[in-house]
Amino acid sequence: ALRKMSNATVIDEDVLNSMLGEIARALLEADVNVKTVAALRRDVRAAVDLESVAAGVNKRRLIQKCVFDAVAAMLTPARKPVALKKGKPNVVMFVGLQGNGKTTSCVKYAYWHKRRGWKTCVVCADTFRAGAFDQLKQGATKAKIPFYGSYTETDPVTIAADGVATFRKEGYELIIVDTSGRHMQEAALFDEMAAMEAAVSPDEVVFVMDSSIGQAAQDQAAAFRDKVKVGSIVVTKLDGNAKGGGALSAVSATGAPITFIGTGEHTDAFEPFNPQTFVGRLLGMGDISGLVSSMKDAGIEENPDLYKRIADGVFTLRDMYEQFENIKKLGPMNKVMSMMPGMSELIPKGANESEGNARINMFLCIMDSMCNEELDNPKIQFTQSRIYRIARGSGRMPQHVEELLIEYKRFSKVVEKMGKMKGVKNGQINMNDLQRNMPAQLSSVMDPALLKKMGGASGMQNMIKQLSQHLPQGK
């Protein structure tokens, strides 16, 4: 909707109403509750008065900012999460529906704090689900986090109380209690949860919510709020195709802030929640700072030699190999693409993340079967005999090798054109010069359809500007 508005010649009431209608439909499709969408539309309409806008003010940016601020405000409740205190025991109780990723989130939460110097542990008080203790034990052992549970005790309240008491004596700073999954209809399990809260006196109660839960998010979150004092929310499974709009509904229902989001199955696929970056991804506006941060967390080092070769318009298969490895370090492709403005629209609906990873792994395997000359010499000719030899060595079909070479040629042509751009000379990439000369040069480098999806030359220029704020100058 925001992209269509930028293509409109005149911004008037009809364009504004049309855009708000499209945003409302998009949010409903993203599982945001109807009442929350209505409130958002009302707030934006009240904030934007086109008739009183002074001459010279960019109406498009004004409307975009109002939409962004209104959604971000809904994800930023007045209540702040409980501040955990280092050096003393902090008990955190996790609650949520069955199958929402609660047990996995307990381990991730403990591991995230452990990496930051906390002495953490987990208690499995879930006796309702078969295999719950085994799952937690396996995850905790892998992350090297102490755990407590019982195969013989059937009372979850007793297990929780004993586990918390044990870890308090041993001086642990963060004691995480995993509870049984619940449904709104199961009154007995809700009573058990209230009894457990009374027994362990948690400093914080965390509600775990599946991002794909849909329109039920509002009612489910409200049901938990009525039984226990929910202090914060963890949204899981944001690496899939779900938009995560249910998070808006959960915040609205509980009044509790979202503190963390789960972005994958691995223990380290867990990150602090930032309303601005989340809304940027939800609205397709990207998150460049998050992308740069992910690159740093993944340990992707700057490569001066690669910068110089790109500035000279040279791109080898070895460079491509290194970039594929870096992409794997960044995590799921859906997540990476959602951080780039306009790129979230290019993610196919129903796309299978494993297929993309398998394709990258196949290309890496093929390049492992190449000799040094083939990897380092961009002018080498790949004859049929070479292609057949590489295919045999990698256990792939010759057409797979040809697919890789087609992708390589496409990338190398882009790099060759980049080397001729203003702001790229003498083996150096000057981000400021590149940004100033961007609009006039993009059409010769990028596919016009892709450029349009990324917001045109101005959108790309803005992305370069954001990158320049996070990258060292002269690179």
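The values are calculated or read from the model by the stated rules, or taken from the named source; none is laboratory data. Not measured: the values here are computed from a predicted model. Note that we place each Cβ from the backbone using ideal geometry, even for glycine, and neighbour counts take in every protein chain shown. For the accessible areas, the whole protein counts, side chains as well, though only heavy atoms, and no ligand, DNA or RNA atoms are used. Shrake-Rupley method; radii C 1.70, N 1.55, O 1.52, S 1.80 Å.
Listing for the model above:
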| read-out | value |
| --- | --- |
| Flag for residue 46 being among the hydrophobic types (A, V, I, L, M, F, W, C), at pLDDT 65 or above and surrounded by fewer than 12 Cβ atoms within 10 Å (Cβ to Cβ) | yes |
| Residues being among the small types (Gly, Ala, Ser) and not in a loop (DSSP other than H, G, I, E, B) - total across the stretch 119-136 | 1 |
| Matching entry among 67, 107, 92 (being more than 29 Å from residue 145 (Cβ to Cβ) and β-branched (Val, Ile, Thr)) | 67 |
| Residues of the stretch 389-432 satisfying the condition of being modelled with pLDDT under 60 and open to solvent by 30 Å² or more (accessible area, probe 1.4 Å) | 422, 425, 426, 428, 430, 432 |
| Hey, residue 180 touching an Asp or Glu at 6+ places or on another chain (Cβ under 7 Å) and not in a helix (DSSP H, G or I) or not | yes |
| Count - residues of the stretch 82-118 that are under 14 Å from residue 143 (Cβ atoms) and either free of Cβ contacts under 8 Å to residues at least 40 places away in the same chain or part of a loop (DSSP other than H, G, I, E, B) (or both) | 4 |
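Residues checked against (1) crowded, with 24+ Cβ neighbours inside 10 Å; (2) modelled with pLDDT of 90 or more; (3) in contact with a His (Cβ under 7 Å, 6 or more places away or on another chain):
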| position | (1), (2), (3) |
| --- | --- |
| 91 | no, yes, no |
| 101 | no, no, no |
| 104 | no, yes, no |
| 107 | yes, yes, no |
| 114 | no, yes, no |
| 140 | yes, yes, no |
| 156 | yes, yes, no |
| 175 | yes, yes, no |
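Here's the yes/no breakdown for (1) of a type outside the set (Asp, Glu); (2) at pLDDT 85 or above; (3) touching a Cys at 6+ places or on another chain (Cβ under 6 Å); (4) over 18 Å from residue 160 (Cα atoms):
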| position | (1), (2), (3), (4) |
| --- | --- |
| 178 | no, yes, yes, no |
| 184 | yes, no, no, yes |
| 189 | yes, no, no, no |
| 213 | yes, no, no, yes |
| 226 | no, no, no, yes |
| 235 | yes, yes, no, yes |
| 251 | yes, no, no, yes |
| 274 | yes, no, no, yes |
| 281 | yes, no, no, yes |
